[in-house]
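Here is the structure we will look at, set down as structure tokens.
The values are calculated or read from the model by the stated rules, or taken from the named source; none is laboratory data. Every value quoted in this text rests on a predicted model; they were computed, and no experiment measured them. Note that each Cβ is placed from the backbone with ideal geometry, even for glycine, and that neighbours are counted across all protein chains shown. Note: areas computed on protein heavy atoms with side chains; ligands, DNA, RNA excluded. Shrake-Rupley method; radii C 1.70, N 1.55, O 1.52, S 1.80 Å.
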Amino acid sequence: MADVLLRYAHEFTLVKGGRDAELTRINHYLIGAGLPPLACELRDEALCLVPKGSPIGENMPTGWQEHLRKRRYRRTRTYELIRAIGSTRCADLTTSQLRTLATTMKAEGLSPSTVQKELALLKAAFNVAIREWHWEGYRNPVVGIALGQSTHRFVRLTPDQEERLVQALTECDNPQFWPMVELALVSTMRRGSLLKLEWDKVSLATREVHVWAKGREVTLPLSQRAVQLLRSVPRNGTPYVFSMSKNAVKLAWEGVRDKADLHWLRFADLRHLGATFYARAGLNAHELRLVLGHKTTKMAEVYVNLVNTDVMEALDHAEGRRPIGRRMPPREVHAGREAGAIVAERRTARLNGELALPPNVVPLFPKGRSDRR
């Protein structure tokens, strides 16, 4: 299996936009078969794959190495299975083994999206082997395992959370980072596109940028705010708008969201926040497709439909036009109290004959009158 993925990496992974993430997955299979992990390098202005000089994660900062160690410890069985599959002959690999891998990944806390990507990698490699490498008579063992659907992640920030985020950004030492985060919001560009953005691909006069995104060159429109941001970005002596490395952006983002107490917020969420803002502002699916740089309107329609189902403002408007006359439950009595304690009090009162009736109910035999029959 590792030999299959090694060839697949050289022929297909190398030219993918998400090659780094896919290489990380492939490397675990290579290690399982005793092969050196791979790294992507630029040589003579061409991308190529070369053996890594150190184990996965060894050259990372100490804190990040500790994070990787803890994560691998929590997923020990998953990595054992992946490496075992890497050293297994393809003819002996069964659907049952791969289903066990998927089940184990889920049981050890990996997301459905991560499981889907793992199986999709194996499925794609086998499909290539059958279709292009002429593995006649071979049946893809991943066929029959439902890969499922990636769940769309949508987040929202309250005004207070936005204020905390901005305050944390003002305290960041790198003067490029705040403009980068804001540009991610207003342009919906991905982190990779922002880091590859070059000044000679930016036209402030025509308000558009030409940027590499998802394996292809796209032209994105710029809002007035985006133009103002680009004019304010500090120059760094390089052709790039932002000279930060991917790891520097990661560390800066972790520091900012920790200060803002937004530990759940990912940098990738900025793109979704921007797209949601434009959908709520009234952009249609075609317009939003151009902003996002997509080939089709499929994802843009998801944002538009999401906003269309957001009926909070309509509900408030309806209640304002036809106010509800019913009294609300006595919040001053219940607020902050345990429901169990309230139930116990009411049962005690009922057993003691002290049941408190609603004010619009008249007791049939008021207290003090039952002896006058």
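In terms of packing, defined here as the mean over residues of other Cβ atoms within 10 angstrom, the peptides 137-147, 252-262, 118-128 line up highest first as 118-128, 252-262, 137-147.
Taking a ≥ b ≥ c as the square roots of the eigenvalues of the Cα gyration tensor of the range 177-286, is the shape rounded (a/c under 1.5), prolate (a/b larger than b/c) or oblate? Oblate shape, in that a/c is at least 1.5 and b/c is the bigger or equal ratio.
Computed from label points 7 Å out along Cα-Cβ, the spacing between Glu208 and Asp44 is 3.6 nm.
Per residue, the range 159-287 exposes 52 Å² of accessible surface when a 1.4 Å probe is rolled over the protein heavy atoms with every protein chain present. Let me make sure I get this right: for the range 254-317, a, b and c are the square roots of the gyration tensor eigenvalues over alpha carbons, sorted descending. Under 1.5 in a/c it's rounded, otherwise prolate if a/b > b/c, else oblate. Which is it? It comes out oblate by the Cα gyration axes. Dipole of the range 114-173 computed with +1 at Lys/Arg Cβ and -1 at Asp/Glu Cβ about the Cα centre; of Pro141, Leu165, Val115, farthest Cα towards the positive end is Pro141. Gain on full extension, evaluated as 0.36 nm per residue between Trp264 and Thr100 minus their Cα-Cα distance, stands at 56.1 nm.
Per the 1.4 Å probe, what fraction of the accessible area of the range 146-295, in percent, lies on carbon and sulfur atoms? Here carbon and sulfur together make up 52 percent of the probe-accessible area. Can you flag which of Lys117/Lys295; Lys259/Lys295; Lys117/Lys214; Lys117/Lys250; Lys52/Lys214 are past 27 Å Cα-Cα? Violating the 27 Å limit, Cα to Cα: Lys259/Lys295. If the segment from Val343 to Ser87 were pulled out straight at 0.36 nm per residue, it would be longer than the present Cα-Cα gap by 86.0 nm.
Estimated from the Cβ-Cβ distance and a Förster radius of 35 angstrom, the FRET efficiency linking Glu254 and Asn284 is about 0.45.
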